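J.: Let me give you the structure first, and then I'll get to my questions.
The values are calculated or read from the model by the stated rules, or taken from the named source; none is laboratory data. As the structure is a computational prediction, the values presented were derived from the model and not from experiment. Counting neighbours? That spans all protein chains shown, and the Cβs are built from the backbone with ideal geometry, glycine included. Surface accessibility is based on the protein's heavy atoms, side chains included, excluding ligands, DNA and RNA. Shrake-Rupley method; radii C 1.70, N 1.55, O 1.52, S 1.80 Å.
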Amino acid sequence: MIGDFGPKLVELTDDVLFGDVWERPGLSKRDRSMITVASLVSLNRTEQLPGHLRRAVDNGVTVDELIEEITHLAFYAGWPTAMSAIMIAKGLFESEGSA
């Protein structure tokens, strides 16, 4: 998507973030997904959220668990950020038939 515009950033993302950090044995990919989704929701990083919600499901997190995580975060990260995140999750999972 951005490889021709920012090739080094794509290389670092592929090789370091997903090729090294996500592969470290200290946490399961499921746990990493839960942490990443919580961080993205808390920081209101909505552009990155759909991809990581999909990745979380691929890593064994259920849609119901993601809904519960977002609901829980409303009290720690703020109501508006949780509402934005739940709307993104709803649109994503309903369009994919996962909800």
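J.: Given Cβ point charges of +1 (Lys, Arg) and -1 (Asp, Glu) and nothing else, what value in debye, to the nearest 20, does the dipole of the chain about its Cα centre take? Please list the in-between numbers first.
T.: Numbers: 9 positive and 15 negative charges, 39 e Å.
Computed charge dipole of the chain: roughly 180 debye.
J.: Moving on to the next point. With every protein chain present, what is the per residue accessible area of the chain (1.4 Å probe, Å²)? Can you show the working numbers first?
T.: Numbers: 6510 Å² over 99 residues.
Ligands and nucleic acids excluded, the figure is 66 Å² per residue.
J.: Okay, moving on. Per the 1.4 Å probe, what fraction of the accessible area of the chain, in percent, lies on carbon and sulfur atoms? Could the numbers behind the result be given before it?
T.: On the way: 3800 of 6510 Å².
Summing carbon and sulfur atoms, their accessible area is 58 percent of the total for the chain.
J.: Starting from the 7 Å offset along Cα-to-Cβ, what nm value, one decimal, do you get for the label separation of Y76 and R54?
T.: Label at Y76, label at R54, 2.7 nm between them.
J.: Please compute the modelled spin-label separation between S42 and M87, points set 7 Å along Cα→Cβ, answer in nm with one decimal.
T.: Output for this residue pair reads 2.3 nm.
J.: Further, regarding this structure: Could you give the spread of the C-alpha atoms of the stretch 21-62 along their three principal axes, from largest to smallest, in whole angstroms?
T.: Ordered largest first, the stretch 21-62 gives principal extents of 28, 18, 13 Å.
J.: If one computes the Cα centroid of the stretch 75-92 and of the stretch 20-57, what distance in Å separates the two points?
T.: A separation of 15 Å, based on Cα centres.
J.: Within the stretch 1-42, report the chymotrypsin sites (Phe, Trp or Tyr not before Pro) that DSSP leaves as loop and that have at most 14 other Cβ atoms within 10 Å. List each step's numbers first, then the result.
T.: Working: sites: F5, F18, W22; in loops: F5.
Listed in order of number, the matching sites are F5.
J.: Determine how large the accessible area of E23 is when every protein chain is in place; take a 1.4 Å probe and give Å² rounded to the nearest 10.
T.: Rounded to the nearest 10, the figure is 100 Å².
J.: Enter the angle in degrees (range 0 to 90, nearest 10) between the Cα long axis of helix 63-77 and the first principal axis of the Cα atoms of the chain, meaning the one along which they spread out most.
T.: 80
J.: Largest first, please: the extent of the C-alpha atoms of the stretch 1-50 along each principal axis, to the nearest Å.
T.: Dimensions of the stretch 1-50 along the principal axes of its Cα atoms: 32, 27, 14 Å.
J.: List the residues of the stretch 36-62 whose backbone N lies under 16 Å from a point placed 7 Å from the Cα of F18 along the Cα-to-Cβ direction.
T.: Correct set: 36-37, 48-60.
J.: Moving on to the next point. Compute the relative contact order of the chain as a whole-number percentage, counting only Cα pairs closer than 8 Å that sit 6 or more residues apart in sequence.
T.: Dividing the mean separation by the residue count of the chain yields 24 percent.
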